[in-house]
Amino acid sequence: MHLLIRPAVLLALCLLLIACGKQAEPFHQERIYAFGTLIDVSLWGVDEAKAQAAFTSLGEDFDYMHEEWHAWRPGALAEVNRKLEAGENFTISESMLPLIELSARLSQASQELFNPAIGRLIALWGFHADEPEAGLPDPEQLAKLVAAAPSMGDIHIDGSKLRCDNPKVKLDFGGFAKGFGVDRAMEQLQAMGIGNAIINAGGDLRAIGQRGERAWRVGIRHPRADGVFASLEVSSDESVFTSGDYERFFEHKGKAYHHIIDPRTGYPAEGTASVTVIHDDATTADAAATALLVAGPKRWPEIAGSLGTDRVLVISTGGEVQATPAMARRIRFEVTPEPEVAIRKIHLQ
Ligand code: AMP
Ligand code: MG
């Protein structure tokens, strides 16, 4: 068995940020490595000194977030996981509390298809390691973990105290930490008075303002080929996040096993190759993309409704394209022939 991980560089390239508009105003760009990917920060209309100050500040922030929120390396989250497992009643740090609270809310809204409490399942599959060498998980162990049903609902917060009823809960924020980090970084830029920027973390991004007089145009990667499947314009303040079965996977006896696990079965989610979500904040877009990939090509509109996300593009493993009406209006296909799109209405809750 060997693991195939698409290099973050490739992903960043494939999900192209297609620049358009006039280049009259100053434009600055910096590349930062965090969350296992290269993050491109682009600033429009700020002077050199301010741009450099922003890049330095974001570089430090991303380093901190990456270290602190990593479930599998020593850091704040690893420490929280150790205490959760031991069943301790402990004080949670101020930096960790919002992650736990927000992810619990998103988990509940997704009917627990986005479930950051399934860290043990992720580990059993070997997806916690940079380059895992594990084979298929032991089915008995897997069944036990699924039966134990680790859930964010097992975690009880009282002020700054935290307690967990289920020793099988292990937090893995891999499904939404990037979005959460991008939101915090964008807040930082806005606090510095920067109004036109894009933070692009390997194709997952948040954009504010505009690039000159034009919107930002971004690409959505083709899930089964190199290159761009579709593109869309983003402006004012929007985030675009994609989850795909091609991002991290291994092959075993001719079958591919990817990194997004259906908490109900314990196995990689089936039926969907990629999901792209546009939302006002990056945190929700990130969690929703993961949840909707788990939900599958039939059920995703219901979960999109409960998550409050109305701009969604789904490409099934068979290549069928579905979109909400609001997404269908926005995208331009970059493949020929242009695919048929099945429009799926959702009912926002
Ligand atoms: P993303 O690329 O945002 O879809 O995140 C994928 C990562 O989220 C995986 O590598 C796991 O660390 C984690 N993950 C996998 N399955 C789930 C799930 N059902 N709910 C929450 N996080 C998950
Ligand atoms: Mg996600």
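Values in this text are rule-based calculations from the coordinates and carry no lab data. None of the values given here were measured: they were computed from a predicted structure. Glycine also receives a Cβ, built like all others from the backbone with ideal geometry; neighbour counts cover every protein chain displayed.
Per DSSP helix of 4 or more residues, -39500 (n - 2.57); summed, then divided by the residues of the chain. What does that give at 222 nm, rounded to the nearest 500?
-10000 deg cm²/dmol
Rounded to a whole number, what is D in µm²/s for segment 214-270 from Stokes-Einstein with the Kirkwood radius over alpha-carbon pairs (10 °C, 1.306 mPa s)?
116
Taking springs between alpha-carbon atoms closer than 10 angstrom, which of Pro223, Pro150, Pro139 fluctuates most in the Gaussian network model of the chain?
Comparing Pro223, Pro150, Pro139 in the GNM, the peak value goes to Pro139.
Near His156, within a Cβ-to-Cβ distance under 9 Å, what is the net charge of the other residues, with Lys and Arg +1 and Asp and Glu -1?
The answer is -1.
Students often check this: by mean Cβ neighbours within 10 Å, which of 182-192, 272-282 ranks highest, and how do the rest follow?
For the peptides 182-192, 272-282, the packing ranking is 272-282, 182-192.
Mind checking Rg over Rh on the chain, alpha carbons, Kirkwood formula for Rh?
0.96
If Lys and Arg each add +1 and Asp and Glu each add -1, what is the summed charge of the other residues whose beta carbon sits under 14 Å from the beta carbon of Glu233?
Local net charge: +3.
So which of Lys83/Lys168; Lys144/Lys255; Lys168/Lys255 end up more than 22 Å apart by C-alpha?
Where the Cα-Cα span goes over 22 Å, the pairs concerned are Lys144/Lys255; Lys168/Lys255.
With labels modelled as points extended 7 Å from the Cα through the Cβ direction, what inter-label distance (nm, one decimal) is found for Arg332 paired with Gln141?
5.0
Could you tell me how far the Cα centroid of segment 299-341 sits from the Cα centroid of segment 178-239, in Å?
Computed from Cα coordinates, the inter-centre distance equals 19 Å.
Placing one identical point scatterer on every Cα of segment 253-349 and ignoring solvent, what is log10 I(q)/I(0) from the Debye formula at q = 0.16, 0.18, 0.23 Å⁻¹?
-0.65, -0.81, -1.22
Where does each of 304-311, 47-54, 237-244 land if you order them by average Cβ count within 10 Å, highest first?
The most tightly packed comes first, giving 237-244, 304-311, 47-54.
Could you sort the peptides 316-322, 214-220 by per-residue average Cβ neighbour count (10 Å cutoff), highest mean leading?
In decreasing order of mean packing, 316-322, 214-220 become 214-220, 316-322.
Taking the Cα centroid of segment 265-287 and of segment 21-95, what is the distance between the two, rounded to the nearest whole Å?
Distance between centres, Cα-based: 21 Å.
Tally Lys and Arg at +1 and Asp and Glu at -1 over the other residues with C-beta under 9 Å from the C-beta of Pro268: what net charge comes out?
Local net charge: -3.
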